[in-house]
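The structure under discussion appears below in the form of structure tokens.
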Amino acid sequence: NEAVLAESKTGKLILVNLELGNVTKFDVGQEVIDIIYANKKIYYYDGQNIFDVAKNKVTEAGTTVYSKIINWNNSWYLLGQDGKISKLVDSKISVWTNETAKLIDKPVSMAIDGTVWVVDVNGKVMNYEKGVEKKWNSSLKITGEKIIGISTVYENKKIIIVSDKKVLVFEKSSGKLLATHNFEKIGIVGAKMGFNDQIFVLGLDQKIYKVK
């Protein structure tokens with residue numbers, strides 16, 4: 001019941017207990033591409049390898065640079081900059097997305113809830129199941145904002161898209177926009193969906209906000 005709220009390129013991050021609201025700060029001491037929290041452990045990705053916070057190499061990730069990495073059911077899912085999703089198991093990488101699957105252009109981030117969700121620089125979302133895209137309609141276009149993330153949790157009916165100014169809450173089944181939380185005056189570093197529809201936001205002021 002924890003999540004890394006800030007996935008900082010500098011390697012500084014904040015671990016938040018989603019039930020108690022407790023905060024623990026970490027610094028891996030170097031610039032990283034992505035930070036992953038899985039099985040109550042923190043990992044980071046430097047563009048070639050995945051390490052734990054003690055700087056022990058956990059696995060190699062190859063020469064391709066990935067935009068986002070998530071560990072789900074003890075497998076590593078790797079979001080390529082071309083929109084392809086690969087799967088890393090036992091040091092072997094294979095393309096997970098089907099050859100005929102429609103890929104998202106300029107992907108930014110990824111979330112997994114049993115299916116895989118990917119968001120691009122314009123806020124467009126693709127949903128994949130077993131490597132094949134599922135129909136998910138949202139006509140919303142986000143302009144004038146930088147898309148920084150997407151988040152959901154297992155068996156939750158909602159999903160959030162995060163920009164540097166807003167948190168947008170959507171219904172998974174329909175793509176309907178349910179709510180918009182505006183942080184334009186504060187700015188957003190990162191946000192994660194927790195349990196019971198709670199959303200935790202790290203502002204540029206380094207304060208953590210909980211919205212529902």
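The values are calculated or read from the model by the stated rules, or taken from the named source; none is laboratory data. Since this is a predicted model, take the numbers as computed values, not measurements. Here the Cβ is made from the backbone with ideal geometry for all residues, glycine too, and neighbour counts use every protein chain on show. Note: accessible area is taken over every heavy atom of the protein model, side chains too, but ligands, DNA and RNA are not part of it. Shrake-Rupley method; radii C 1.70, N 1.55, O 1.52, S 1.80 Å.
Odds and ends about this structure:
- The strands (runs of 3 or more DSSP E) located wholly in segment 63-112 that include 3 or more residues which are under 20 Å from LYS172 (Cβ atoms) occupy 66-72, 107-112.
- Residue in segment 46-61 that is under 30 Å from GLU133 (Cβ atoms), β-branched (Val, Ile, Thr), open to solvent by 10 Å² or more (accessible area, probe 1.4 Å) and touching a Lys or Arg at 6+ places or on another chain (Cβ under 8 Å) present: no
- Taken over segment 82-114, the residue count meeting the criterion of being of a type in the set (Ser, Thr, Tyr) and either crowded, with 16+ Cβ neighbours inside 10 Å or within 13 Å of the chain's Cα centre (by Cα) (or both) is 3.
- Hey, LYS141 surrounded by fewer than 22 Cβ atoms within 10 Å (Cβ to Cβ), without any contact (Cβ under 8 Å) to a residue 12 or more places away in the chain and over 17 Å from the mean Cα position of the chain (by Cα) or not: no
- Scanning segment 36-49 for residues that are within 14 Å of LEU79 (Cβ to Cβ) and in contact (Cβ under 8 Å) with a residue 24 or more places away in the chain yields ILE36, TYR45.
- Top-ranked residue of segment 63-115 - restricted to ones that are touching a Leu at 6+ places or on another chain (Cβ under 9 Å) and charged (D, E, K, R), ranked as farthest from GLY194 (Cα to Cα): ASP82
- Residue count for segment 151-198, restricted to those that are of a type in the set (A, V, I, L, M, F, W, C), closer than 25 Å to LYS134 by Cβ, part of a strand (DSSP E or B) and open to solvent by less than 60 Å² (accessible area, probe 1.4 Å): 11
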